[in-house]
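*Asks:* Take this structure, written in structure tokens, and hold onto it; I'll ask about it next.
Values in this text are rule-based calculations from the coordinates and carry no lab data. These figures come from a predicted structure and were not determined experimentally. No Cβ is skipped: glycine too gets one built from the backbone with ideal geometry, and neighbour counts run over all protein chains shown.
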Amino acid sequence: MDIRRITGDFSVSPQISPGDIPDIAAAGFRSVLCNRPDDEEPGQPDYAAVAEAARAAGLDIRSVPIPLGPMTGDTAGDFARALDEMERPVLAYCRSGTRCAMLWSIVSYGALSGDEIIRRARDAGYDVAGLVRQIERG
């Protein structure tokens, strides 16, 4: 696993498998947020299998799939609601972690400055500067 911490209670990761769940629980995560649609690529673990393993380990799990391409306001709203409702710390995953980091940036803007969002994402290995500048321009 390649877990990248963005804040003390939110981390992102590339695709996880059901077999990763015990390590995720042992690392102290209380919730898992799946941001990857099923069948995005052949052979990826499906959400149902990951969810079953997460629930068996006592973790909360939700799915807010983010398709490749432009994000909608509904997706950002669903992501924000999931984060508000889930027990922390949360591990979010998609194919590479990038979409999770981008959505976190969108929903965190205002609570954190654009520069702080850019710094936290950069420290985790993600470049969201263009996205944040776009948000700042309205």
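*Asks:* So how do 91-104, 116-129 stack up, highest first, on mean other-Cβ count within 10 Å?
*Replies:* In descending order of packing, they fall as 91-104, 116-129.
*Asks:* Near the amide H of Val32, under 5 Å away, which other amide H atoms are found, from residues 5 or more places off or on another chain, if H is placed in the peptide plane?
*Replies:* Amide H neighbours of Val32: Asp60, Ile61, Arg62, Leu91.
*Asks:* Also: Compute and list, largest first, the equivalent-ellipsoid semi-axes of the range 33-91 from the alpha carbon gyration tensor, each √(5λ) rounded to a whole angstrom.
*Replies:* 19, 18, 6
*Asks:* To continue, here is another question. Tell me, what HN-Hα J-couplings in whole Hz come from the Karplus equation 6.51 cos²θ - 1.76 cosθ + 1.60 at θ = phi - 60° for each residue of the range 122-134, using x for Gly and Pro?
*Replies:* 4, 4, 8, x, 10, 9, 10, 4, x, 5, 5, 5, 5
*Asks:* May I ask you to evaluate 6.51 cos²θ - 1.76 cosθ + 1.60, the Karplus curve with θ = phi - 60°, for each residue of the range 39-53 and list the ³J(HN,Hα) values in order in whole Hz, giving x for glycine and proline?
*Replies:* Ordered by residue, 3J(HN,Hα) equals 6, 5, 8, x, x, 6, x, 7, 4, 4, 5, 5, 5, 4, 5 Hz.
*Asks:* Additional query: Taking H placed 1.01 Å from N in the peptide plane, check which residues at least 5 places from Phe10 or on another chain put their amide H under 5 Å from its amide H.
*Replies:* Distant-sequence amide H within range of Phe10: Val90.
*Asks:* Also: Given the rule -39500 (n - 2.57) for each run of at least 4 DSSP H residues, summed and divided by the residues of the chain, what is its mean residue ellipticity at 222 nm, to the nearest 500 deg cm²/dmol?
*Replies:* Calculated mean residue ellipticity at 222 nm is -12500 deg cm²/dmol.
*Asks:* Normalising by the residue count of the chain, find the relative contact order in percent from Cα pairs under 8 Å and 6+ residues apart.
*Replies:* 30
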